[in-house]
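Have a look at the structure below, then the notes.
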Amino acid sequence: MNGLQLVTKEIRLRRTNFILSTLAVAVAVAVGLLALWQLRIHEHQTREYLAGQRTQLEEEMKKLEDDYRKITKELGYNLVLLPAKQDLAAYYAGHAMRMTMPQEYVTRLANTNLMTVQHLLPIVEQQTTWPEQGDQSIVLVGTQGEVSAATGNQHQKGPILPAVAKEHLVIGYRLAVDGDLQPNKRVMFRGREFTIAKALPERGTKEDVTVWAALDEAQELLGCPQQLHAMMALKCHCEGNDLAAIRASVAQVLPDVQVLEIADKSHARGRARDRAHAAAEAALAEEAQRRADLQLQRESLASWLIPAVWCSAAAIVGVLALLNVRERFSEIGVLRAFGLRAGQVLRLVLARGLLVGILGAGLGLFAALGACWLYDGAVPLQTIAVSPTARQEGLLLMAAAPILTMLVAWPPALLATQRDPAAVLGQE
Amino acid sequence: MPNEICHLQLVSKSYRRADGMVAALRDSTLTLGSGSITALAGPSGSGKTTLLLIAGGLLKPDAGEVHWNGDAPYRLSADGRAMLRSQTTGFVFQQFHLIPYLTVLENVMVPGLAHKSNGCRTPEYAHQLLAEVRLAHRTHHLPRELSTGERQRVALARALFNRPRLLLADEPTANLDDESAEHVIQRLVTYTTNEKGTLLVATHDPKLLKVADRVVHIDAGKLRS
Ligand SMILES: Nc1ncnc2c1ncn2[C@@H]1O[C@H](COP(=O)(O)OP(=O)(O)O)[C@@H](O)[C@H]1O
Ligand SMILES: [Mg+2]
């Protein structure tokens with residue numbers, strides 16, 4: 001017979017005490033494990049969820065990008081072509097355009113195979129005066145309307161600006177008001193007689209002081225026959241459909257021309273896409289924050305729940321160990337009388353505490369795993385199994401339980417060794 | 001006295017109680033020779049148990065000296081004294097104090113726990129001791145399954161398991177039927193004659209007093225030869 005047998009036989013006799021102690025430890029271990037594991041599981045779920053959302057977002061963005069590309073492709077590029085020497089600052093400032101290019105460029109561009117252009121608008125535009133209207137300062141624009149592009153352009157639509165008919169003028173709002181000019185009124189313009197075709201409503205732009213005339217008449221009036229100041233090429237498409245390729249194509253046909261892109265709807269769509277992306281990112285960040293807050297809440301709950309449960313368990317185990325030792329004064333006295341040293345008696349009591357801890361930890365682990373299983377089958381168990389933190393925390397708790405039970409068994413064990421054996425052995 | 005195993009020199013012991021100090025033993029001197037039976041007779045409360053505990057190294061006297069064959073147990077640390085006890089003495093307590101969760105055989109072998117190596121303290125020896133006190137058929141029973149007389153005999157077998165040179169027995173035949181008492185007395189006599197052990201026994205039992213080499217009377221903590 002050895003000490004361990006002595007301990008196990010004693011436990012078998014005083015089962016109730018041992019079982020209660022073990023259950024207290026098991027509950028503490030199980031609560032501790034579940035409290036920590038639910039943190040790890042929630043963490044894991046958050047990671048998975050956010051990663052899933054991120055993939056979905058990226059897929060949606062890719063789709064948007066695709067749509068954008070398709071739309072761009074459909075719309076094509078809208079360009080302004082200016083003579084290469086035209087000063088851009090003057091152009092953008094709305095100043096008179098001095099440089100011209102041959103009108104023949106229009107047909108050249110329309111007939112190129114390199115790109116398709118749905119609308120071509122040749123333009124002359126010059127700041128000048130209207131002597132018959134008190135030398136009023138005006139902008140004279142000559143347009144021809146649309147020049148039909150080359151063959152194969154099936155989707156051709158009507159011109160953007162209806163061409164101004166010969167011997168007719170379209171005038172801006174300010175000019176109509178100042179000159180009291182209404183449609184159908186005949187009017188003298190720079191020595192020629194015209195009929196007002198249309199007076200435009202107020203726009204608050206250069207157009208309010210603009211006079212539109214047929215292209216060739218405007219050219220004659222401005223003294224630049226067969227010359228253009230600018231040309232608008234709308235819905236341009238080419239192989240690959242990017243601006244650089246289009247510029248290259250234009251340069252090939254019209255070497256002394258500069259190409260500007262007019263920002264339009266496709267840009268707005270691009271911006272909308274960026275905004276949608278930003279909004280989705282913000283929603284994702286908000287969800288991440290919400291989950292992080294929840295995690296913090298759960299952590300703070302665990303941070304008091306675990307110590308509270310463990311302190312209660314320690315108190316229960318300590319009291320039960322004390323009761324056990326008190327019950328054993330007589331047998332401990334006998335062991336001392338027959339020569340067992342204090343250390344040996346101490347070890348007997350501590351070994352019991354150790355067994356309580358080990359068994360309680362095992363039982364607690366089992367209970368926690370069982371609870372996880374009942375809660376959601378194998379899923380949380382797999383999460384725990386693959387989380388190094390969860391495993392480490394589990395091991396830590398499992399190791400802490402026997403250490404704690406030994407610690408709380410220490411004072412009763414000391415009491416057992418210090419108690420005078422004669423006091424109990426001398427009883428009648 | 002030649003071959004003295006135990007010597008008590010002017011030993012005194014008082015207990016603290018609620019109503020003051022009680023002198024349980026006063027200036028008692030006693031020498032136990034090797035192989036002798038000394039009976040300690042006296043009324044209840046006279047100090048018999050106190051004397052036995054002091055002689056057995058279990059209760060430190062307030063004054064006086066105790067020697068065991070040259071060793072002074074009370075000059076040692078508690079652990080040193082425990083070790084010396086395990087090599088020197090055996091006890092039969094008045095209340096037996098068997099360990100409730102151990103079988104009869106295991107109870108007998110309890111003194112072996114104090115030793116690193118078994119030596120002569122084998123299960124066979126425990127069986128032999130149990131046979132000698134007529135308990136061979138009870139080896140695997142628990143104490144609660146035994147009669148008082150049987151428990152007393154288990155306590156005796158346990159006290160002998162370490163082969164002590166000094167055996168202290170506190171009223172070992174009280175509460176026993178005649179037959180049981182006879183077995184116990186027989187075994188005690190064998191212990192002193194065959195095994196050259198020394199016995200100090202507290203008793204009022206005339207049968208036990210009859211086999212004693214010497215009867216020491218004690219009254220109110222004072223010894224009279
Ligand atoms: N642990 C104790 N505490 C207080 N008084 C005690 C204690 N043990 C014995 N006594 C008292 O000491 C006296 C002697 O007791 P004891 O040695 O047990 O006598 P006996 O064994 O002869 O009956 C008695 O008065 C008893 O009440
Ligand atoms: Mg007594």
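Miscellaneous remarks
- Nearest-10 value in Å² for the accessible area of A:SER300, using the 1.4 Å probe: 60 Å²
- Interface between chains A and B: roughly 2700 Å² of accessible area buried, both sides summed (probe 1.4 Å, protein heavy atoms only).
- Given A:LYS185/A:LYS235; A:LYS9/B:LYS13; A:LYS63/A:LYS85; A:LYS206/A:LYS235; B:LYS196/B:LYS222; A:LYS9/B:LYS207, the pairs whose alpha carbons are separated by over 31 Å: A:LYS185/A:LYS235; A:LYS9/B:LYS13; A:LYS63/A:LYS85; A:LYS9/B:LYS207
- Listed residues B:ARG138, B:ARG158, B:ARG17, most fluctuating in chain B (Gaussian network, C-alpha, under 10 Å): B:ARG17
- If both residues of a DSSP beta bridge must be in the range A:77-263, then about 80% of such bridges are antiparallel.
- GNM flexibility winner over chain B from B:SER36, B:SER147, B:SER14 (Cα, springs under 10 Å): B:SER147
- Across chain A, C-alpha contacts under 8 Å between residues 6 or more apart give a mean separation that, scaled by the residue count, equals a relative contact order of 26 percent.
- Shown in residue order for the range A:12-22 are the 3J(HN,Hα) couplings computed by the Karplus curve 6.51 cos²θ - 1.76 cosθ + 1.60 at θ = phi - 60°: 5, 5, 9, 4, 3, 4, 5, 5, 4, 4, 4 Hz (x for Gly and Pro).
- Among beta bridges that DSSP assigns inside the range B:4-224, antiparallel share in %, nearest 5: 55 percent
- Projected onto planes of every orientation and averaged, the convex hull of the alpha-carbon atoms in the range A:77-263 covers 10.6 nm².
- Förster-model FRET efficiency, 25 Å R0, B:ASP79 and B:VAL211, C-beta, rounded to 0.05: 0.10
- Each of B:GLY80, A:VAL7, B:VAL211 was scored by the projection of its Cα onto the charge dipole of the protein assembly as shown, and the greatest displacement toward the positive side belongs to B:VAL211; charges sit on the C-beta of Lys, Arg, Asp and Glu.
- With the charge dipole of the range A:77-263 set up from +1 on Lys and Arg Cβ and -1 on Asp and Glu Cβ about the Cα centre, the Cα lying farthest toward the positive end among the listed residues A:PRO102, A:THR116, A:LEU228 is that of A:THR116.
- Rounded to the nearest 10 degrees, the angle from helix A:265-327 to the longest Cα principal axis of chain A is 10 degrees.
- Within 10 Å of each Cβ in B:94-103, the average number of Cβ atoms from other chains: 6
- Residues of type aspartates and glutamates that A:LYS166 reaches as a straight line, Cα spacing below 12 Å, ignoring anything fewer than 8 places off in the same chain: A:GLU193, A:ASP216, A:GLU217
- Signed unit charges on C-beta, dipole axis of the range B:4-224, positive-most listed residue B:GLY90, B:LEU58, B:THR38: B:LEU58
- Over chain A: helical MRE at 222 nm, DSSP H runs n ≥ 4 each giving -39500 (n - 2.57), nearest 500: -21000 deg cm²/dmol
- Chain B - percent relative contact order, Cα under 8 Å, separation 6 or more: 30 percent
- More than 20 Å apart - percent of Cα-Cα pairs taken over the range B:4-224: 57 percent
- Taking the accessible area of chain A, probe 1.4 Å, and keeping the other protein chains in place, the carbon and sulfur fraction comes to 59%.
- When +1 charges are put on Lys and Arg Cβ atoms and -1 charges on Asp and Glu Cβ atoms, the dipole computed for the protein assembly as shown relative to its Cα centre reaches about 3420 debye.
- Relative to the dominant Cα principal axis of chain A, helix A:388-418 is inclined by about 20°.
- 1.4 Å probe, heavy atoms, protein only - residues of the range A:375-423 losing at least 10 Å² accessible area vs chain alone: A:ASP420, A:PRO421, A:ALA422
- Among beta bridges from DSSP that stay inside the protein assembly as shown, the antiparallel ones total about 65%.
- Paired Rg and Dmax values of the protein assembly as shown, which use every Cα atom, in angstrom: 57.1, 170
- Electrostatic dipole magnitude of chain B [Cβ: Lys, Arg +1; Asp, Glu -1; Cα centre; debye, to 20]: 420 debye
- Nearby aspartates and glutamates by direct alpha-carbon distance to B:LYS210 (threshold 16 angstrom, same-chain neighbours under 8 apart not counted): B:GLU171, B:ASP178, B:GLU182
- The charge dipole of the range A:77-263, taken about its Cα centre with unit charges on the Cβ atoms of Lys, Arg (+1), Asp and Glu (-1) only, comes to about 200 debye.
- Seen against the Cα atoms of chain B and their longest principal axis, helix B:123-132 is set at about 80 degrees.
- Surface composition of chain B: carbon and sulfur atoms hold 49% of the protein heavy-atom accessible area at a 1.4 Å probe.
- Protection proxy ranking for B:118-126, B:162-170, using the average of other Cβ atoms within 10 Å per residue and placing the highest first: B:162-170, B:118-126.
- Average accessible area per residue (Å²) across the protein assembly as shown - probe 1.4 Å, nucleic acids and ligands excluded: 48 Å²
- Shielding by partners for peptide B:80-91, expressed as the average number of C-beta atoms from other protein chains within 10 Å of each residue's C-beta, is 3.
- Label positions at A:GLU327 and A:GLU167, each projected 7 Å from the Cα along the C-beta direction, are separated by 12.8 nm.
- Cβ-Cβ distance of A:ARG298 and B:HIS204, R₀ of 56 Å, FRET efficiency by 1/(1 + (r/R0)^6): the value works out to about 0.15.
- Averaged over A:4-13, number of beta-carbon atoms from partner chains that fall within 10 Å: 3
The values are calculated or read from the model by the stated rules, or taken from the named source; none is laboratory data. What you are looking at is a predicted structure, and each value in this text was computed from that prediction instead of being measured. Every residue, glycine among them, receives a Cβ derived from its backbone with ideal geometry; neighbour counts consider all protein chains shown. For the accessible areas, the whole protein counts, side chains as well, though only heavy atoms, and no ligand, DNA or RNA atoms are used. Shrake-Rupley method; radii C 1.70, N 1.55, O 1.52, S 1.80 Å.
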